[in-house]
Structures are given as structure tokens and as C-alpha cells.
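No value in this document is a laboratory result; all are computed from the given coordinates. Remember, it's a predicted structure, so these values are computed and weren't measured experimentally. Glycine also receives a Cβ, built like all others from the backbone with ideal geometry; neighbour counts cover every protein chain displayed.
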Amino acid sequence: MKRRTFLNSILVGGLMVTKPGIFLSNNKKVSQKNETNALVKVIGTAQDGGIPHAGCYCTNCIKARKNKLYSRLISSLALIDFSENKTFLIDATPDIRKQLDILHNRIKSKKKRFHPDGIFLTHAHIGHYTGLMFFGFEALSTSQLPVYCSSQMHDFLINNGPWNLLVKLNNIKIYILEPEKEFNVSKNISIIPFVVPHRAEYTDTLGFIICGKKRKLLYIPDIQSWEAWKKPINKIIEEVDFALIDGTFFSSDELPHRDLSKIGHPFILSSIKLLANIAKKTKIYFTHLNHSNLSLNPEGKEIEKIKENGFELAVDGMEFFI
Ligand SMILES: [Zn+2]
Ligand SMILES: [Zn+2]
Ligand SMILES: [Zn+2]
């Protein structure tokens with residue numbers, strides 16, 4: 001079968017499926033109804049190492065190399081305000097070259113040199129900020145590109161190379177976000193940052209609520225556990241329309257050779273138990289998926305478990321009008 005025919009055959013009603021209800025990673029849009037001027041586009045859904053993972057030849061990574069539909073870029077969101085033609089990124093990942101192409105394409109930009117109007121950073125783990133290097137002297141060489149982050153992240157960037165060179169050469173200009181305080185991003189988008197518990201070797205970690213004029217989306221790609229957080233996750237999810245949350249690992253059956261309690265992410269299985277009741281009201285998607293994640297197998301019992309409880313895996317290319 002020719003590739004195009006194959007792709008068409010699995011595009012059903014705007015969603016990519018292999019059999020009813022099973023998603024594959026793809027770059028097709030999954031638009032919500034009632035479109036507004038503000039859009040959140042999911043431009044990556046993998047853990048920091050991406051899928052395929054460097055040097056990994058596990059079943060998921062082999063599959064992802066063979067068929068692009070199984071590959072996933074590193075977790076990131078693009079925010080677009082069509083009324084002002086402004087774009088923003090949440091996190092600057094090592095996959096940012098591809099992600100800028102996706103964004104440039106999505107807004108049909110004619111710009112020969114393109115960069116977003118600002119970048120919001122969650123924390124200083126490799127999948128979330130190292131893409132900043134492409135705004136430096138060797139690459140795009142932007143001028144005062146606004147970077148919004150916590151004060152710890154600010155200190156990390158200005159005190160460590162090569163990031164401090166971006167500041168010194170004025171490629172980026174850092175603004176400190178005040179936790180819990182709503183920040184106006186554009187005419188139709190605002191963002192509420194908050195601190196979540198997560199391995200803090202270099203910096204603290206932020207999560208965000210992205211607010212449009214009609215809807216809100218919660219984004220927490222990395223968190224140690226729901227129990228370690230002082231805030232009631234149930235209540236927070238109840239107040240938003242969509243939630244994209246840490247789904248790094250499905251269960252403790254993964255990575256038998258590593259002590260997962262030291263890696264520090266809630267298992268999807270535990271989140272399902274904790275959030276089952278809210279999943280009936282708010283659409284909850286798991287993102288930041290590790291290459292080992294058992295729910296990546298579209299035929300497996302793990303993805304069935306996720307879906308039968310009313311949850312979904314996030315997919316590269318999904319769109320939420322807010
Ligand atoms: Zn991460
Ligand atoms: Zn792998
Ligand atoms: Zn992290």
C-alpha cells in the first residue's frame with residue numbers, strides 16, 4: 001500500500017486510529033469545537049529523551065524508527081493567538097528545530113526567519129530548556145527573545161554557560177514569573193504558573209494553567225507525585241477544561257532494572273485511580289511518555305485500561321482551542 005493511502009486509511013473523523021479508539025502519534029489536528037482565537041497545540045509528548053530514544057533498540061524505539069507514526073517529539077506546547085498572530089512555546093526542547101517548523105507551518109508564516117514571541121520554561125532538565133541553544137549566536141541569533149521562568153531558573157541560566165552567553169549577547173531576555181500570579185501573554189491568552197515538587201538538582205519546577213477567554217488547560221509534564229504536592233490535584237483539574245499531565249511511566253512493571261521510586265513520577269496507573277471521578281468531567285491526557293511506557297503499545301491491555309477509565313494518551317499534533 002502506498003504511504004499516502006495507508007495514512008488516509010487510518011485517519012477517521014479527524015483522529016488517528018488503528019482500531020476504534022486507539023491513538024497513534026501523528027501530526028494531525030484533533031480540534032475541539034467552538035474555535036476561538038487562542039489555540040494550544042501539542043508539539044511533543046515524549047519524556048526528555050524523546051521516542052525513539054538515543055541508542056535504544058527496545059521494541060517501542062525500533063517501531064518508532066520504522067514508522068514515524070510511532071515516534072514522538074519531546075514534550076512541549078505551542079500557544080497561538082491568531083488575533084495578534086503571536087506564538088509562544090512552553091519549554092524549549094532538543095527537538096525545537098522540528099517544533100519551530102510545525103509552528104511556522106501552522107500559522108502559515110511567510111517569515112524567512114521565524115521565532116516565537118516568547119518562551120515559558122518549566123525547569124532545567126534536558127528535555128525542557130536546552131533548545132534555547134538554537135536562539136544563540138551559532139543559530140537563529142535572536143534579539144531579546146523573552147524567556148519567562150522561575151527565579152531559580154533565571155539564576156541557573158545567568159550563572160551557567162553556555163546559557164549565560166545568550167543573556168550576555170542579548171539573544172534572550174529573561175523575565176521572572178511570580179508563582180500563582182496570572183500573567184497576560186497576549187490579548188486572548190494568560191498563564192498561571194505554580195511550583196510543583198520534582199527532582200530539583202538545578203532549579204524548581206513549574207506547571208502552568210493556560211487560560212483563554214473560554215477555556216483553561218492544565219499542563220504538568222513533570223511532577224514527583226500527586227501526594228507530594230500540597231495542592232489538591234482533584235480540585236485543580238475540576239476547574240479546568242483540559243489537563244495534560246505527567247504520564248512518564250505506566251506502572252512499576254516498566255524498566256525492571258531501575259528503581260523507579262528514585263526517578264520520581266506518578267505512575268499512570270496510580271493517577272487513574274486517584275483521578276477516575278474527575279476524568280468523567282474534565283478530559284485528562286497523559287503526556288511526557290517515556291520510550292518504555294507500556295501504554296505505547298496500541299494493542300496492549302495498558303492503553304485499554306487508560307481508555308476504559310475515560311483518560312487518553314496525548315498525541316503530537318493535538319489542538320485545543322481555549
Ligand atoms: Zn521532563
Ligand atoms: Zn527505547
Ligand atoms: Zn524533569
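A few points about this structure:
- Taking segment 27-321 and dividing mean pair separation by its residue count, relative contact order in percent (alpha carbons under 8 Å, at least six apart): 21 percent
- Shown is the FRET efficiency for Ser83 and His257, computed with R0 = 45 Å from the Cβ-Cβ distance and rounded to the nearest 0.05: 0.35.
- Amide H contacts for Gly44 (H built 1.01 Å from N in the peptide plane; partners 5 or more residues away or on another chain; cut-off under 5 Å): Ser76, Gly317.
- A cut-off of 5 Å between modelled amide H atoms, ignoring neighbours fewer than 5 places along the same chain, links Leu145 with Ile172, Lys173.
- Beta bridges assigned by DSSP with both partners in the chain are antiparallel in approximately 55 percent of cases.
- Extension reserve of the Glu308-Lys112 stretch, reckoned as 0.36 nm per residue once the Cα distance is removed: 66.0 nm
- Theoretical gain in end-to-end length, Glu180 to Glu299 [0.36 nm per residue, Cα-Cα removed]: 38.8 nm
- Amide H within-cut-off set for Leu89, under 5 Å, with H built and near neighbours excluded: Leu79, Gly118, Ile119, Phe120
- In this simple spin-label model, placing a label point 7 Å from the Cα along the Cα-to-Cβ direction at both Ile126 and Glu138 gives a separation of 1.5 nm.
- Taken about its Cα centre, the chain carries a charge dipole of about 1400 debye when Lys and Arg each add +1 at the Cβ and Asp and Glu each add -1 at the Cβ.
- GNM remark for the chain: springs join alpha carbons under 10 Å apart, and the peak mean-square fluctuation among Asn184, Asn171, Asn60 falls on Asn184.
- Debye intensity ratio I(q)/I(0), log10, segment 150-298, q values 0.14 Å⁻¹ (C-alpha model): -0.80
- Within a Gaussian network of the chain (alpha carbon springs, distance under 10 Å), most fluctuating of Pro232, Pro94, Pro116: Pro232
- In angstrom, the C-alpha Rg and Dmax of the chain are 18.7, 54.
- Cα→Cβ-extended label distance, 7 Å offset, between Arg65 and Glu227, nm: 3.9 nm
- Projecting the Cα atoms of Gly317, Ile237, Leu294 onto the charge dipole of the chain (Cβ charges, centred on the Cα centre) puts Gly317 farthest toward the positive pole.
- Most fluctuating residue given options Ile172, Ile236, Ile189, as computed from a GNM of the chain linking Cα atoms under 10 Å: Ile236
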